[in-house]
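*Asks:* Structure in structure tokens, see below.
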């Protein structure tokens, strides 16, 4: 049921999350992020590592480095966020 609250106005991690591709890995407390999250509101990820942030949990730059020059097509899907326009 429509609650009359815009998605962009909800800022609590417990209330709303975006679809950010992630995968669980044995021995890792947090999931591994399987996309580029640059430009994405971190509140949409759904969890927060207060000690080291998100960079150590991201596979994006690791895979780019490993496959550099060998794979010509994108490896990850594109994740985008559009903020509402202010009128």
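Bear in mind these aren't lab numbers, they're just calculated from the coordinates by the rules spelled out. Quick caveat, the model's predicted, so the values are computed rather than measured. Reconstructed Cβ throughout: ideal geometry from the backbone, glycine too, with neighbour counts over all protein chains shown.
*Asks:* Could you check how many residues of region 43-56 are part of a helix (DSSP H, G or I) and under 15 Å from residue 21 (Cβ atoms)?
*Replies:* So the answer is 1.
*Asks:* Let me ask another. I'd like to verify a number: residues in region 57-87 that are under 13 Å from the mean Cα position of the chain (by Cα) and in a helix (DSSP H, G or I), how many?
*Replies:* Adding up the residues that qualify gives 2.
*Asks:* Another one. Go through region 31-55 and count every residue that is surrounded by 13 or more Cβ atoms within 10 Å (Cβ to Cβ) and under 24 Å from residue 74 (Cβ atoms).
*Replies:* 13
*Asks:* May I pose another question? Hey, could you check region 1-30 for residues that are touching a strand residue (DSSP E or B) at 6+ places or on another chain (Cβ under 9 Å) and assigned to a loop (DSSP other than H, G, I, E, B) and say which is surrounded by the most Cβ atoms within 10 Å (Cβ to Cβ)?
*Replies:* 20
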